[in-house]
Amino acid sequence: MTAVQRDIDIAPYIDHALLDPTATPQAVEQCCEQADRFQFATVCVYPCYVRQAANLLFNKRPKVCTVIGFPSGATTAAAKLYEALEAVENGAKELDVVINIGLLKARQTNEVHREIAEICEETNQTVKAILETTLLTDEEKRLAAEICMDAGVAYLKTSTGWFGGATVADVRFLREITKGQVGIKASGGIRTHEQAVELILAGAQRLGTSRGVDLLRQRDRLERKDKDEV
């Protein structure tokens with residue numbers, strides 16, 4: 001582990017995700033306990049568990065995040081807006097919204113913009129637009145980023161994790177496009193502490209992962225190894 005890697009505390013970057021379709025209320029409770037213990041940025045749970053997570057994390061540092069139109073992004077704009085508004089009413093402070101990828105590829109940019117902008121305006125909460133970068137060309141990534149930034153999102157998120165994950169190259173590409181105007185969330189396939197640090201150094205301000213606790217344990221093991229070798 002390099003000195004730079006040792007100095008980066010990844011915990012505040014982590015959106016602690018529990019997006020397994022088989023997740024139970026007991027698993028949500030454990031997820032929230034872990035987020036509080038390790039001081040993660042948020043827990044990211046399905047909409048049906050937002051109220052439970054909000055109650056468990058009341059007056060605690062981690063916020064409640066949920067996913068909208070997940071994982072395909074192909075529900076109607078009205079359905080996404082309703083889902084987002086209900087989530088906010090139940091206590092969600094951050095919304096990870098899957099854009100309509102098919103409409104983006106068809107260059108129906110006004111529809112893509114209108115859908116995201118409406119959610120940003122109506123909810124008045126932190127919106128992260130999920131671009132699903134593994135399914136897009138570089139030209140489409142740039143177009144999606146520009147549309148979502150203009151619509152008012154706070155972050156661009158690389159992936160749902162269902163169709164591939166975050167790469168350092170995509171994070172750097174989004175950083176080049178955004179020029180610091182919005183945040184970048186790297187999500188999907190983050191399995192090692194080293195990978196998490198590389199994504200942060202590439203420009204990610206958030207990391208979406210279900211392995212947050214394991215990543216911290218990996219860091220602790222690496223630190224012990226470094227000390228043993230001194």
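Kindly write out, for the stretch 184-191 in residue order, the coupling ³J(HN,Hα) from the Karplus curve 6.51 cos²θ - 1.76 cosθ + 1.60 (θ = phi - 60°), rounded to whole Hz, with x marking Gly and Pro.
Residue by residue, the stretch 184-191 yields 10, 10, 8, 8, x, x, 8, 10 Hz.
Between beta-carbons, use under 13 Å as the cut-off and find the net charge around Lys128, counting Lys and Arg +1, Asp and Glu -1. Write out the running numbers ahead of the final one.
On the way: positive: Lys63, Lys93, Lys157, Lys185, Arg206; negative: Asp15, Glu94, Asp96, Glu132.
Around Lys128, the charge tally is +1.
Can you work out the accessible area per residue across the chain, with the rest of the protein chains kept in place, probe 1.4 Å, in square angstrom?
For the chain, the per-residue accessible area is 47 Å².
Find the relative contact order for the chain and round it to a whole percent, using C-alpha pairs within less than 8 Å whose residues are 6+ positions apart. Each step should come with its number before you reach the end.
Working: 427 pairs, mean separation 40.3, N = 230.
Relative CO of the chain lands at 18 percent.
Please state the Cα pair-distance histogram of the stretch 1-101 with 10 angstrom bins from zero: what percent is in each bin?
16, 43, 27, 11, 2
Can you spot the aspartates and glutamates whose alpha carbon is less than 12 Å from Lys185's alpha carbon? Ignore those fewer than 8 places along the same chain.
Here the aspartates and glutamates satisfying the reach criterion relative to Lys185 are Asp15, Asp96, Glu132, Asp170.
If you take every residue apart from Cys44 with its C-beta less than 9 Å away from the C-beta of Cys44, what net charge results, scoring Lys and Arg +1 and Asp and Glu -1?
Neighbour charge sum, excluding Cys44 itself: -3.
Going toward the positive end of the dipole of the chain, with +1 on Lys and Arg Cβ and -1 on Asp and Glu Cβ, which of Ala78, Ile177, Thr123 do you reach last?
Value computed over the given set: Ile177.
Which one, Ala27, Leu156, Pro12, is farthest towards the positive end of the dipole of the chain when Lys and Arg carry +1 and Asp and Glu -1 on their Cβ?
So the residue we want is Pro12.
Would you mind computing the Rg to Rh ratio of the stretch 99-230 from its alpha-carbon coordinates, Kirkwood style for Rh?
Rounded to two decimals, Rg/Rh equals 1.06.
Using the Kyte-Doolittle scale, find the helices of the chain whose mean hydropathy is at least 0.0 and whose Cα atoms extend 27 Å or more along the helix's long axis, counting only whole DSSP H runs. Intermediate values should be presented prior to the final figure.
On the way: long enough: none.
The answer is none, since no helix passes both cut-offs.
To the nearest 20 debye, what charge dipole does the chain have about its Cα centre, counting +1 at the Cβ of each Lys and Arg and -1 at the Cβ of each Asp and Glu?
Rounded to the nearest 20 debye, it is 380 debye.
No other cysteine beta carbon under 4.7 Å away is the test; run it over the chain and list who passes.
Among the cysteines of the chain, those whose Cβ sits 4.7 Å or more from every other are Cys31, Cys32, Cys48, Cys120, Cys148.
Per the Kirkwood treatment, what hydrodynamic radius in Å, one decimal, follows for the stretch 87-127 from the mean inverse distance over all distinct Cα pairs?
11.0
Measure off, as a whole percent, the carbon and sulfur share of the 1.4 Å-probe accessible area of the chain, all protein chains present.
Numbers: 5060 of 10740 Å².
Carbon and sulfur together cover 47 percent of it.
Cα centroids of the stretch 36-81 and the stretch 101-154: how far apart, whole angstrom?
The stretch 36-81 and the stretch 101-154 have Cα centres spaced 19 Å from each other.
So for the stretch 53-189, averaging the separation of alpha carbon pairs under 8 Å that are six or more residues apart and normalising by length, what relative contact order in percent results?
The value is 20 percent.
Seen from all sides and averaged, what is the projected area of the convex hull of the Cα atoms in the chain, in nm²?
Values: hull surface 48.7 nm².
If you wrap the Cα atoms of the chain in a convex hull and average its projections, you get 12.2 nm².
How much of the calculated P(r) for the stretch 57-175 lies past 20 Å, in percent of all Cα pairs? Intermediate values should be presented prior to the final figure.
Values: 2610 of 7021 pairs.
Here the tail beyond 20 Å accounts for 37 percent of pairs.
The values are calculated or read from the model by the stated rules, or taken from the named source; none is laboratory data. What you see is a predicted model, and the numbers here were worked out from it, not measured in a lab. Neighbour counts run over all protein chains shown; Cβ positions are idealised from the backbone, glycine included. Just so you know, the surface numbers come from the protein's heavy atoms only, side chains and all, with ligands and any DNA or RNA stripped out. Shrake-Rupley method; radii C 1.70, N 1.55, O 1.52, S 1.80 Å.
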